[in-house]
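The values are calculated or read from the model by the stated rules, or taken from the named source; none is laboratory data. Please read these numbers as outputs of a predicted model, since none were measured by experiment. We place every Cβ from the backbone using ideal geometry, glycine too, and count neighbours over all the protein chains shown. With ligands, DNA and RNA removed, areas are computed over all heavy atoms of the protein, side chains included. Shrake-Rupley method; radii C 1.70, N 1.55, O 1.52, S 1.80 Å.
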Amino acid sequence: MINYLFQEQNWQTQLSDLITDPRELLDTLALSHDQLLSGALLATDQFRLRVPRAFVEKMQKGNPLDPLLLQVLPHHLELEEHEGFVTDPLGEEQANQQPGVLHKYKSRFLLTLTGACAVHCRYCFRRHFPYQENLPKNDDWPNIKQYIEQQPDINEVILSGGDPLTLSNRKLQLWIDRLSEIPQIKFLRIHSRVPIVIPNRVDEELVSILKNSRLRIILVVHSNHASELDDFTCSQLQQLVKQGITVLNQAVLLKGVNDSADVLVELSYRLFDAGVMPYYLHVLDKVKGASHFDTPAQNIDLIYKEVLENLPGYLVPKLVREIAGEKNKTPLFGASTF
Ligand SMILES: *Cc1c(COP(=O)(O)O)cnc(C)c1O
Ligand code: SF4
């Protein structure tokens, strides 16, 4: 079995044994150390390479253009300056109300409990975000609680990141308990890529914490390509679905990774196999260092039209862009809208 070993290993061990050296990543994939390596070494200074071995197992050996590899291997193009690609494309620094709280939308806000991720995605719009200054301390909880209570419109808290599923179950339980104390909070959303890159993160204890909460739990995973969803990953996601947890997927449209209707259609079907509903397909946020993933608007339009034609409506993710200062994600369709 391909990733038999990883299925046996607990997630904490996997999280503490990530690949962070580009040489090791290339060696593991039997790729030669030519320009790939020099570019990777340069770009990893800005935003470190970080990838779990269980995710590397899903990559195709010997293929420098593997769609999973492209998402994690630092590339010399990241160092180029491109007009319009900036460090804080969504203006999040302004929306930062108090440590951990990022409140831009009416009924819901992001609560960042950790700056850590299991994987570093090269296109991440938060790659330059100053997390360390923004994390809540334990005694910030009364302030966060008060902040929520002063705004009766809030009914949902979104744990975001960093990646909240890098936290221990104990810490998650603590925060879920705290949030459950506030009657106006009905929904708890968890945005995480960990179940995709370390499927063992979905352990029995996590399933039980989520299942037993008073809050309605929505887990939004982040997978961009069907190759990320091997049988084991799908069966882990199914565990959550079977316990009544809503599991949705968000993807980012990335040149060279999933910028084709065939790839996106296959992704939707594969998600559905796992009981996961496609939610969003994000257009790339124009973050400095990610311009080589950008897909021209006309191509996006053609790709999305073909996706619409080839999937039942319930498997079509909403194509959206986040625009700084807007009160919701902006739906896109037709080149004129973006
Ligand atoms: C995406 C996002 C949300 C959640 O938006 P939904 O459309 O409800 O998924 C909330 N806050 C911020 C800052 C976001 O970027
Ligand atoms: S897991 Fe999410 S927050 Fe972390 S680097 Fe990837 S896209 Fe960014």
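With the requirement that a residue be part of a loop (DSSP other than H, G, I, E, B) and either within 14 Å of ligand 1 (Cβ to nearest atom) or within 18 Å of the chain's Cα centre (by Cα) (or both), what does region 319-333 give you? Break it down stepwise before answering.
Applying the first criterion (part of a loop (DSSP other than H, G, I, E, B)) to region 319-333 yields 322-329, 332-333.
Of everything in region 319-333, those that are part of a loop (DSSP other than H, G, I, E, B) and either within 14 Å of ligand 1 (Cβ to nearest atom) or within 18 Å of the chain's Cα centre (by Cα) (or both) turn out to be Glu322, Ile323, Ala324, Gly325, Glu326, Lys327, Asn328, Lys329, Leu332.
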TODO: Output yes when any residue across region 98-109 is touching a residue at least 12 places away in the same chain (Cβ under 8 Å), exposed (fewer than 15 other Cβ atoms within 10 Å of the Cβ) and either more than 30 Å from Gly289 (Cβ to Cβ) or more than 16 Å from ligand 1 (Cβ to nearest atom) (or both), and no when none is.
DONE: yes
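Please enumerate the residues belonging to region 302-318 that are part of a helix (DSSP H, G or I), open to solvent by 30 Å² or more (accessible area, probe 1.4 Å) and not aromatic (Phe, Trp, Tyr). If you could, list the steps in order and put the result at the bottom.
Narrowing region 302-318 to residues part of a helix (DSSP H, G or I): 302-310, 313-315.
Those still in the list that are open to solvent by 30 Å² or more (accessible area, probe 1.4 Å) too: 302, 305-306, 308-310, 313-314.
Answer for region 302-318, where residues must be part of a helix (DSSP H, G or I), open to solvent by 30 Å² or more (accessible area, probe 1.4 Å) and not aromatic (Phe, Trp, Tyr): Leu302, Lys305, Glu306, Leu308, Glu309, Asn310, Gly313.
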TODO: From (1) at pLDDT 95 or above; (2) buried (at least 20 other Cβ atoms within 10 Å of the Cβ), pick out the condition that doesn't hold for Arg50.
DONE: (2)
TODO: Look through Val202, Val207 and report the one residue that is surrounded by fewer than 17 Cβ atoms within 10 Å (Cβ to Cβ), aliphatic (A, V, I, L, M) and either touching a residue at least 12 places away in the same chain (Cβ under 8 Å) or farther than 16 Å from Ser168 by Cβ (or both).
DONE: Val207
- [ ] For region 232-245, indicate whether the set of residues that are closer than 28 Å to Lys329 by Cα, touching a His at 6+ places or on another chain (Cβ under 7 Å) and not charged (D, E, K, R) is non-empty.
- [x] no
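Let's see how each residue does on (1) farther than 26 Å from Val263 by Cβ; (2) surrounded by fewer than 17 Cβ atoms within 10 Å (Cβ to Cβ); (3) of a type in the set (Phe, Trp, Tyr); (4) touching a strand residue (DSSP E or B) at 6+ places or on another chain (Cβ under 8 Å):
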site: Pro22; (1), (2), (3), (4): no, no, no, no
site: Leu31; (1), (2), (3), (4): no, no, no, no
site: Ser38; (1), (2), (3), (4): yes, yes, no, no
site: Leu42; (1), (2), (3), (4): yes, yes, no, no
site: Ala54; (1), (2), (3), (4): no, no, no, no
site: Gln60; (1), (2), (3), (4): no, yes, no, no
site: Asn63; (1), (2), (3), (4): no, yes, no, no
Task: Where a residue in region 137-154 is open to solvent by 100 Å² or more (accessible area, probe 1.4 Å) and its partner, wherever it lies, is in a loop (DSSP other than H, G, I, E, B) and at pLDDT below 95, with Cβ under 8 Å and at least six apart - done: Lys137/Pro99
Open item on the list: Suppose the filter is in contact (Cβ under 8 Å) with a residue 60 or more places away in the chain and assigned by TED's automatic domain parsing to the domain that holds Asn224; does Phe333 pass it?
Closed with: no
- [ ] List every residue pair whose Cβ atoms lie under 7 Å apart, where the two residues are 6 or more positions apart in sequence or sit on different chains, the first residue falls within region 285-314 and is within 30 Å of Arg127 (Cβ to Cβ), and the second residue, located anywhere, is part of a helix (DSSP H, G or I) and open to solvent by 20 Å² or more (accessible area, probe 1.4 Å).
- [x] His292/Leu77; Ala297/Ala335; Gln298/Ala335; Asp301/Ala335; Val307/Val265
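Determine whether Thr246 is over 18 Å from Arg53 (Cα atoms), in contact (Cβ under 8 Å) with a residue 24 or more places away in the chain, touching a strand residue (DSSP E or B) at 6+ places or on another chain (Cβ under 9 Å) and open to solvent by 20 Å² or more (accessible area, probe 1.4 Å). Working first, answer last.
Numbers: over 18 Å from Arg53 (Cα atoms): yes; in contact (Cβ under 8 Å) with a residue 24 or more places away in the chain: yes; touching a strand residue (DSSP E or B) at 6+ places or on another chain (Cβ under 9 Å): yes; open to solvent by 20 Å² or more (accessible area, probe 1.4 Å): yes.
Yes.
Specify the residue that is surrounded by the most Cβ atoms within 10 Å (Cβ to Cβ); the eligible residues are those in region 82-92 that are among the acidic types (Asp, Glu) and within 16 Å of ligand 2 (Cβ to nearest atom). Full working, then the answer.
Taking region 82-92 first, the residues among the acidic types (Asp, Glu) are 83, 88, 92.
Among the residues that remain, those that are also within 16 Å of ligand 2 (Cβ to nearest atom) are: 88, 92.
Numbers: Asp88: 17, Glu92: 19.
Ranking the qualifying residues of region 82-92, first place goes to Glu92.
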Open item on the list: Can you tell me which residue is farthest from Asp230 (Cα to Cα) among those in region 21-46 that are at pLDDT 95 or above and not in a helix (DSSP H, G or I)?
Closed with: Asp21
